[in-house]
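Encoded as structure tokens, the structure appears first; notes follow it.
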Amino acid sequence: MGRIVVCIKGVPKPGTVKVDKETHTLRRESAELILNPPDRPALEVALRLKDQTNFEVIAISMGPPNMVPLLQKVYALGVDDIYLISDRAFAGSDTLATSRILAKALSLLSPFDLVVMGARSIDGETGQVPPETASLLNLPSITYVKELRFVDGKFIAIREDDFGEEEVEFSPAAVVSIVPEIDYVRPPSLKRLLSLKEITPKILTNAELNLDEASIGLSGSPTQVADVFEKTLVSRGEIFEGEPDELAEKLIEVLKEKGFLA
Ligand SMILES: Cc1cc2nc3c(=O)[nH]c(=O)nc-3n(C[C@H](O)[C@H](O)[C@H](O)COP(=O)(O)OP(=O)(O)OC[C@H]3O[C@@H](n4cnc5c(N)ncnc54)[C@H](O)[C@@H]3O)c2cc1C
């Protein structure tokens, strides 16, 4: 039986975000965490492959201990197993350090046929983790996938990018990221929802991953957040009134004044 691993991220519920004054990173351990919305379609695509081919589907997440209820809810969607990758040493990890941690955890869960991720998170929004994790695992990375099938031992993906759509055929194993816009996501199973309390995720700490502490967390992150501050937008807009020709003239005049037009 093949194995699919879905990487899901817990993100602070908008409006509950607190920033650590010293490290300028988000205080995830105290925030109310929600499932990163783009990871919902990623789970759905993996579960559709399970329906189609009986793949085993495992959901994993790197995050603080308050991720457990979120992983339990993901279990209710129909995945076969859930893992939390959690250790204080992982705190403050940028995308490279996060990808190192996920890649090591995935190597402990191998062999697998496919790693499925969302296209991006709604907090960091870099979209860097899927291709970075793929390169660290030395696996192909197929991004912005909107449809995925498994036929005669091969995956066939429809992916979209700025130039339109393309069909990509590839052999296991690979890392794919899923576009946020898919038509339908299944509801959680009531039977599983009623027995959630009995389900606890398997925990992987750095004792199991055995990563050099200098390569993870804040110390292992080339990207250091210099400052996080709320941008207060002061609109300096001006409203011009008049006939279209007049307004066009006025606009050209202003653009010239401001040096946008020669
Ligand atoms: C406002 C803000 C700005 C940031 N800017 C940067 C930056 O410029 N450079 C940088 O290196 N870091 C940055 N970070 C840190 C970055 O958010 C974290 O490193 C994060 O763990 C991974 O990056 P991402 O959120 O951009 O993920 P993305 O690459 O956008 O996530 C894509 C997919 O990867 C998977 N994934 C991501 N994180 C996890 C996880 N923890 N567990 C399981 N799966 C996961 C999910 O499937 C997700 O849909 C920023 C964080 C914040 C809050």
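Summary of values
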item	result
Distance histogram for the chain (every C-alpha pair counted, 5 angstrom bins, percent rounded to whole numbers)	1, 5, 12, 15, 17, 13, 10, 7, 5, 4, 4, 3, 2, 1, 0
Ranked packing of 129-142, 239-252, 153-166, most packed first, by mean Cβ within 10 Å	129-142, 153-166, 239-252
Alpha-carbon centroid distance for the pair region 121-178 / region 64-89, whole angstrom	23
Sequence-distant lysines (8 or more away, or on other chains) whose Cα lies within less than 26 Å of Lys104	Lys9, Lys50, Lys73, Lys154, Lys202
Net charge dipole size for the chain [Lys, Arg +1 and Asp, Glu -1 on Cβ; Debye, nearest 20]	1400
Antiparallel bridge percentage (DSSP; both residues within region 16-156; nearest 5)	45
Percent antiparallel among DSSP beta bridges (both partners in region 105-235, rounded to 5)	60
Reachable aspartates and glutamates, given that their alpha-carbon falls under 17 Å from the alpha-carbon of Lys197 and they are not under 8 places away in the same chain	Asp80, Asp81
Residue among Phe90, Ala42, Val185 farthest towards the positive dipole end of the chain, charges placed on Cβ	Phe90
FRET efficiency, 1/(1 + (r/R0)^6) with R0 25 Å, evaluated for Ser135 and Gln224 via beta carbons	0.70
Relative packing of peptides 217-230, 64-77 - highest average C-beta neighbours within 10 Å first	64-77, 217-230
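No value in this document is a laboratory result; all are computed from the given coordinates. What you see is a predicted model, and the numbers here were worked out from it, not measured in a lab. Cβ coordinates were reconstructed from backbone atoms using ideal geometry, including for glycine residues, and neighbour counts include every protein chain displayed.
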